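A short worksheet on the structure shown next.
The values are calculated or read from the model by the stated rules, or taken from the named source; none is laboratory data. Only a predicted model underlies this, so the values are computations on that prediction, with no experimental measurement involved. So basically every Cβ, Gly included, is an ideal-geometry build from the backbone, and we count neighbours across all protein chains shown. We work out accessible area using only protein heavy atoms, side chains counted, and drop any ligands, DNA or RNA first. Shrake-Rupley method; radii C 1.70, N 1.55, O 1.52, S 1.80 Å.
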Amino acid sequence: MHFPQVEIRAPFRSDVLDLCMLGKTSFIESHGHSASYEDINSYTTKVYSESNINAELDDLSNIYHLLFSDGILVGYSKIRLNTPCDWVQQKTIAKLDRIYLLKEYYGQKIGFNLYEYNLRIARMHQQEGIWLYCWIENHRAISFYKRMGFEIVGNADFKISETHSNPNHIMYLKLI
């Protein structure tokens, strides 16, 4: 049995194009069927553009990490500390803004490493909890987060385009 060598690290500027491609690919794999091709393509082209990712990396409130398996970039995350949620009473909480893994790595428990890493970051910064949006049709993710102790605390629409939004659960995990 092969146990992959897993590495998690902050991105370098030289990783931006790879992060753009990974972001676009992993979003399409998990959400590509949720809207028209045109809407998904427009969204991913904007959100995962080199200029947008560079701007997000320049914003110190975004904490990005890359996940490598045997030296191959397979996932990434973005967490924002001290980001209140209207559905949660605590205010010193983190938002797990993005956590994605390439589909071919699902089920290998590699993504769990990145999830746990983000929890450690939140705890290290004395966050009372962590929250996220999860598309209501992403049953795999919802099941995972529920197993980890997250609860559905509300709902919100995630805007893909001017004409399309996906209904999302707001999920929350109390840490303190």
Practice problem: Could you list, in their original order, any pairs among LYS78/LYS159; LYS95/LYS174; LYS91/LYS174; LYS46/LYS174 whose Cα atoms are separated by more than 22 Å? | Solution: LYS46/LYS174
Quiz item: In region 15-102, how does Rg compare with the Kirkwood Rh, expressed as the Rg/Rh ratio over alpha carbon atoms?
Solution: 1.00
Quiz item: Where nothing but the Cβ of Lys and Arg (+1) and of Asp and Glu (-1) is charged, how large is the charge dipole of the chain around its Cα centre, in debye to the nearest 20?
Solution: 600
Quiz item: Using modelled amide H (1.01 Å from N, peptide plane; none on Pro or chain starts), what sits under 5 Å from the amide H of PHE158, excluding residues fewer than 5 places away?
Solution: ASN166, ASN168
Exercise. Just read off the accessible area of MET124 with the full protein assembly in place, 1.4 Å probe, to the nearest 10 Å².
Key: 130
Quiz item: Considering only protein heavy atoms, what per residue accessible area in square angstrom results for region 1-159 with a 1.4 angstrom probe?
Solution: 55
Quiz prompt | region 101-168 versus region 38-59: alpha-carbon centroid distance in Å | solution = 20
Practice problem: Any chance you could look up the accessible area of ASP70 with a 1.4 Å probe, heavy atoms only, rounded to 10 Å²? | Solution: 80
Quiz item: Based on the Kirkwood radius over alpha-carbon pairs, what is the Stokes-Einstein translational diffusion coefficient of region 64-118 at 10 °C with 1.306 mPa s viscosity, in µm²/s?
Solution: 130
Practice problem: Specify which residue in the list TYR48, GLY154, PRO167 is farthest towards the positive end of the charge dipole of the chain, using unit charges on the beta carbon of Lys, Arg (+1) and Asp, Glu (-1), about the Cα centre. | Solution: GLY154
Quiz item: Per q in 0.08, 0.10, 0.12 1/Å, what log10 I(q)/I(0) does a Debye calculation on the alpha-carbon atoms of the chain return?
Solution: -0.24, -0.38, -0.55
Quiz item: Percent of accessible area on region 38-118 owned by carbon and sulfur, 1.4 Å probe?
Solution: 47
Quiz item: In whole percent, what relative contact order does the chain give with Cα contacts below 8 Å and a gap of six or more residues?
Solution: 20
Quiz item: If you project the alpha carbons of region 7-54 onto their three principal axes, what span does each projection cover, largest first, in Å?
Solution: 33, 24, 10
Quiz item: Got a sec? Charge dipole of region 12-145, +1 on Cβ for Lys and Arg, -1 for Asp and Glu; which of ASN113, HIS33, LEU73 is way out at the positive end?
Solution: ASN113
